[in-house]
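Q: Before anything else, here's the structure in question.
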Amino acid sequence: MMKNVLIAYMSYFGNSKKCAVLFDQDLKSRGFETQLVSIKDNEKPSGEWDTLVVFSPVRIGRVVGKTRKFIRKLDGSGKNFALVISHAADLDHRFSPVKPTEKLQARMVEKGMMKAADPTYIRVLSNEGPPVEGFEDTLRELADSLENSQQ
Ligand SMILES: Cc1cc2nc3c(=O)[nH]c(=O)nc-3n(C[C@H](O)[C@H](O)[C@H](O)COP(=O)(O)O)c2cc1C
């Protein structure tokens with residue numbers, strides 16, 4: 001299990017996309033099968049996958065609508081998932097990404113999906129980015145945890 005990963009990304013300024021592409025390369029180098037789909041371009045997953053990793057920004061205190069819609073329409077029952085959320089606000093700010101991320105996770109669990117890892121938060125230095133120093137390590141930690149949770 002967890003060898004076949006669907007990586008779906010939504011990105012306006014390219015930061016979430018950059019993270020998704022890097023994560024995809026890392027998983028491939030670890031022997032995972034992956035497919036990368038752009039939510040904005042309406043790309044659809046093809047074939048088998050057992051784990052979904054979603055890369056998306058928050059805006060105005062919510063995970064952006066296109067990402068929520070992608071997840072709403074997805075047949076994900078019985079699949080694992082992890083969220084990677086890009087944000088500019090502090091985690092304790094009133095526009096923090098934490099609550100909207102937890103809300104989306106709860107929706108995914110209601111759909112019958114299983115949380116494979118805690119959310120990963122990637123802070124960007126301004127709305128346009130770039131991601132803060134060390135984000136590659138943060139992404140590697142998520143890849144480690146997906147690798148280690150395989151049976
Ligand atoms: C209109 C707008 C609203 C935003 N609202 C929030 C917010 O509520 N909380 C937050 O942490 N970041 C907020 N941001 C920053 C975005 O999260 C940031 O632009 C995004 O993570 C960059 O990712 P992307 O390059 O993939 O689009 C906002 C950015 C814009 C442009």
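Computed from the coordinates by the stated procedures, all read-outs in this text should not be read as laboratory data. Just so it is clear, the model here is predicted, and its values are computed rather than measured. Positions of Cβ are backbone-derived with ideal geometry, glycine not excepted, and every protein chain shown enters the neighbour counts.
Q: State whether one or more residues within segment 91-99 are under 20 Å from Leu139 (Cβ atoms), within 13 Å of the ligand (Cβ to nearest atom) and surrounded by 12 or more Cβ atoms within 10 Å (Cβ to Cβ). Spell out the reasoning first.
A: First, the residues of segment 91-99 that are under 20 Å from Leu139 (Cβ atoms): 91, 97-98.
Among the residues that remain, those that are also within 13 Å of the ligand (Cβ to nearest atom) are: 91, 97-98.
Imposing the further condition that a residue be surrounded by 12 or more Cβ atoms within 10 Å (Cβ to Cβ) reduces the set to 97-98.
Yes, segment 91-99 has at least one match.
Q: Moving to a separate point now. On the given criteria, is Glu102 part of a loop (DSSP other than H, G, I, E, B), of a type outside the set (Gly, Ala, Ser) and either more than 9 Å from the ligand (Cβ to nearest atom) or over 19 Å from Gly129 (Cβ atoms) (or both)?
A: Spelling it out, it is not the case that Glu102 is part of a loop (DSSP other than H, G, I, E, B), of a type outside the set (Gly, Ala, Ser) and either more than 9 Å from the ligand (Cβ to nearest atom) or over 19 Å from Gly129 (Cβ atoms) (or both).
Q: If you don't mind, another one. Quick check on Gly129: is it within 16 Å of the ligand (Cβ to nearest atom), on the phi > 0 side of the Ramachandran plot and of a type outside the set (D, E, K, R)?
A: In short, yes.
Q: Continuing with this model, one more query. Looking only at residues in segment 105-141 that are of a type in the set (S, T, N, Q) and assigned to a loop (DSSP other than H, G, I, E, B), which one is farthest from the chain's Cα centre (by Cα)?
A: The selected residue is Ser126.
So that you can scan it fast, the table gives a plain yes or no per residue for (1) surrounded by 19 or more Cβ atoms within 10 Å (Cβ to Cβ); (2) closer than 18 Å to Glu102 by Cα; (3) β-branched (Val, Ile, Thr):
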{"site": "Gly14", "(1), (2), (3)": "no, no, no"}
{"site": "Lys17", "(1), (2), (3)": "no, no, no"}
{"site": "Leu27", "(1), (2), (3)": "yes, no, no"}
{"site": "Lys44", "(1), (2), (3)": "no, no, no"}
{"site": "Gly65", "(1), (2), (3)": "no, yes, no"}
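Q: Cβ-Cβ under 9 Å, sequence separation 6+ or interchain: first residue in segment 101-125 and at positive phi, partner loosely packed, with under 13 Cβ neighbours inside 10 Å. Which pairs?
A: Pairs that qualify, where the first residue is at positive phi and the partner is loosely packed, with under 13 Cβ neighbours inside 10 Å, are Gly112/Ser77; Gly112/Gly78.
Q: Return yes or no: is Glu48 of a type in the set (Asp, Glu), over 15 Å from the mean Cα position of the chain (by Cα) and farther than 14 Å from Leu146 by Cα?
A: Answer is yes for this residue.
This table checks each residue for (1) within 15 Å of the chain's Cα centre (by Cα); (2) among the acidic types (Asp, Glu).
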| site | (1), (2) |
| --- | --- |
| Asp26 | yes, yes |
| Ser29 | no, no |
| Ser38 | yes, no |
| Gly61 | no, no |
| Phe81 | yes, no |
| Ser96 | no, no |
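Q: Taking the condition of being more than 20 Å from Glu128 (Cβ to Cβ), more than 13 Å from the chain's Cα centre (by Cα) and among the hydrophobic types (A, V, I, L, M, F, W, C), how many residues in segment 1-24 meet it?
A: 2
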